[in-house]
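Each remark here refers to the structure printed beneath this line.
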Amino acid sequence: MKTKFTAALLISAGFTFPAAALAQSADPLPATSPSPDATTAPLTASEAPQAPAESASADGDIVVTAQRREQSALSVPIAISAIAGNTLTTKGITNSANLAAAVPNLQVSSPYGSTQPNFSLRGISVANEYNSNQASPIGVYIDDVYLASRTAHGMGLFDLERVEVLRGPQGTLFGRNTTGGAINFITKAPTLNGNEGYVEGGYGNFNTFTGQAAIETTMVQDQLGLRISGNFVNGDGQIDNVYAGGRDPNSQDTLQGRAILRIRPGNGPLDIKLKVYGGRDRGAQAAIHGLQSARTGLDFFQVNENRVGLNRTEAYGASATIAYEISPQLSFTSITSRDGGKQNLQQAADGAPLDILDINWQSRFQQFSEEARFNYDGDRLKLVAGGFYGWDETITDNTFNIGSALAPGVNGGFFQHYRQVRRSYAAFAQGDFDLTSRLTLTLGARYTWDRSQYRDGFAYLFAGDVNGPELPLATTVPCPTVAGTCAYNPAARYEISGRNNALTGRVSLAYEFDGGTLVYASYNRGYRSGAFNGGGYTSSAGINYIAPERVNAYEVGLKGRYFDNALTLTAAGFYYDYMNQQVQDTRPGPVSFLVNAPKAEVYGAEAEARLRVTPAVVLTAAGGYLHSTYKQLTLQGTDLSGNDLPFAPRFTAQGGVDVTLFKDGTNGLTISPSVAYFSRQYFSPFNEINAAGSTQLNSELQQEGYAKVNLTAALTIERFTIKAFANNLLNAKTYAYGLDLRGAGFPYNFLVPSTPRTYGASVRVAF
């Protein structure tokens, strides 16, 4: 471990030492006003139009809540990318699945397109697990509310103040299921000052119509305000289906809405935000490259599929955030939320005009959470302490139609049902103590109690065609042996419970130099709760409760501004001791097991920079290096020690430039080209190794290195803004996800191509 951590420090030193030298000679100067379209965190308040005044600190840096209190992004001793709302537009990021274009060492993948995205930060992800009951190891939040269901993570992004991406374990203040990090989407709330809003409409290729709108009204100045916003996207399939009369995959049909009422009686110490939201998607399923004989003569962005289904999802909820300033030093915050939704994903998983594998993934979910915390802000001590309770339920009904499953020409499949309930309790505290005027010690701890139940579980083998009647033949859950060996019993049920407790924490030292440069070193312990195998439907032998994931993370970093504040630079080096990653293991039967990878290690470095070359030219760049390997792992009886973790490219890089061709007051024209590069990544823990005696061809389950180029242009004339964009300008042909199906007995692997080039334009009117 010492050797690897030293390597991470040396890698980081390549970024940090030159900047540290600059810091010794840099004089503290007031922040200048950068271009309004800067793209790399840390950002300034001017880059977030309409942001409330209280969100900006005195020196103009964007204010983040990464430590559950307001701080300048440059003063937080955590690797964080804060992306302003307008920057999302600049980079063409309209959905949470697009965030990898802006954040180093972040990958986003899914077998379902933008639905149920799998976030991977610094190599930590759900690996080859695809079931909806599993929690993401990257905690996803909206306005500090944890979203337990991964289905709810595939959201369209609209009317946001910013997105905060925290890299590294966040188990102290954010809690369980943040072994890799946390992503917090911060919506725009009423400012209680005046009235404003906008309407935007756009059109793009694939006959895509888009619309966004927001209106904010202040009923009582400084006391009562309301903001209502909405988002609409509707477009044809982005992949051509050559099957006669077949639906084109990757179509879009999204409708979302949100309303926030803010109440501050008498402009006093009580501040209440009440939010309701709802949304639904009805787009076509993601394209699948499967059976190779069905791809003869096809282009990369074409399929020949007879049953392209729909991805139908819904998400809705309400929350109340109540903040009360007890005294100038002490405040109290309560966040209460109730959320729900469902998914009905019809997935033709063979990519062929044959009924080989057609799946209907159905789940309903609901959750409740309450967090209450106190914030103390003293002369030398800043303290956050509180408690958390969370409850969530997932009810799953999946149907797997497998052509000729019973005999040649005799169709059938499996039906699966279960209900999963999880409860989590936690108490936490974290304090920052100024040892000197420049040296700060941070100590934090969180204790979590997790309780889980798997109830009403049953599955059976049936005879029947796709979308036709089902004739149950044999119970497979509960049944400890292979499918078809237990007589059908409609009353049979399988139940199991699981529980675990965890202590997580944080220790860090941060030092601020005269020039404002912050350097820090930290230790964090992260934890992802134990889990049930949602993929167990051919036998109950694989349905168990496996151990939680844990990570010990060591990190050093630097943040600062240089050259009269023209250059903003952040950098970090890290080492992870990663234990018990939860991965799928398919064994003869076929029986799916959820198992723990005993040990892995991750180390690397990353940096983000923003350089104002002239008032009209701003450069942004970010880069990451990642070494992530399994130290101990055996799947299907095959030793995979030394293999790379899936969805963990060694190198990532993003770069862009904002060129303002002319500017006259608020009027101007800015062109923003950008590029994102990712080196080779594997989609499976097997990498290129095939299990002995299997028909696997795992070398197919990877994506070679590639780059994608985006381009946007924005012309502002008084209240009007005309924008044009092109994403994936060079039409790169890449895969976003892959899954081994050959090992389960199918004659192909499952690969999901990314979308082709998209382009369009929009007009926004502000009022």
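Worth pointing out:
- Calculated on alpha-carbon atoms, Rg and Dmax of the range 512-565 in Å: 21.9, 66
- Three semi-axes describe the equivalent ellipsoid of the range 277-350; taken as square roots of 5 times the Cα gyration tensor eigenvalues and ordered largest first, they are 48, 14, 8 Å.
- Taking 15 Å as the cut-off, the amide N atoms of the range 570-587 that come nearer than this to a point 7 Å along the Cα-to-beta-carbon line of GLN632 belong to 577-582.
- Neighbour cut-off at most 11 other Cβ (10 Å), DSSP loop, trypsin sites (Lys or Arg not before Pro), the range 672-767: ARG719
- Scaled against 2.2 N^0.38 Å for its residue count N, the alpha carbon radius of gyration of the range 454-522 is 2.46.
- Alpha-carbon centroid distance for the pair the range 151-176 / the range 389-449, whole angstrom: 15 Å
- Rel. contact order, % - alpha carbon contacts under 8 angstrom, at least six apart, the range 2-766: 12 percent
- For ASN306, net neighbour charge (Lys/Arg +1, Asp/Glu -1) across residues whose Cβ lies under 11 Å away: -2
- Within the shell of other residues whose beta carbon sits under 14 angstrom from the beta carbon of ASN205, the net charge comes to -2, with Lys and Arg scored +1 and Asp and Glu -1.
- Potential extension, LYS663-ARG280 segment - 0.36 nm per residue separation minus Cα distance: 133.9 nm
- Cα-based reach from LYS91 at 16 Å (exclusive), listing aspartates and glutamates while leaving out same-chain residues under 8 positions away: ASP37, GLU47, ASP159, GLU161, GLU164, GLU608, ASP658
- With 29 Å as the limit, the listed pairs LYS559/LYS631; LYS342/LYS382; LYS273/LYS382 have LYS559/LYS631; LYS342/LYS382 beyond it between alpha carbons.
- Note on PHE767 and LEU471: the extension gain reaches 100.5 nm, defined as 0.36 nm multiplied by sequence separation minus the Cα-Cα distance.
- PHE563 paired with ASN234, simple spin-label distance in nm, labels 7 Å along Cα-to-beta-carbon: 4.9 nm
- The percentage of C-alpha pairs in the range 536-637 whose separation is greater than 20 Å is 59%.
- Average projection, convex hull of the Cα set of the range 648-767: 10.0 square nanometres.
- Where only alpha carbons of the range 2-766 are counted, the Rg and the Dmax (Å): 25.6, 80
- Given R0 = 45 Å, the distance between the Cβ atoms of ILE215 and SER699 translates into a calculated FRET efficiency of 0.25.
- The range 252-295 residues near the modelled ALA323 label - backbone nitrogen below 15 Å, point 7 Å along Cα→Cβ: 261-265, 267-275
- Rounded to the nearest whole Hz, the Karplus-based 3J(HN,Hα) values (6.51 cos²θ - 1.76 cosθ + 1.60, θ = phi - 60°) of the range 252-265 follow the sequence 10, 7, 10, 9, 9, x, 8, 9, 10, 9, 10, 10, 9, x, with x at glycine and proline.
- On a per residue basis, the convex hull of the C-alpha atoms belonging to the range 640-698 measures out at 102 Å³.
- Taking the longest Cα principal axis of the chain as reference, the axis of helix 2-25 is set at about 30 degrees.
Readers should treat all values here as calculations from the given coordinates under stated rules, not as data from a laboratory. Nothing here was measured: the structure is a model prediction, and the numbers come from that model. Note that we place each Cβ from the backbone using ideal geometry, even for glycine, and neighbour counts take in every protein chain shown.
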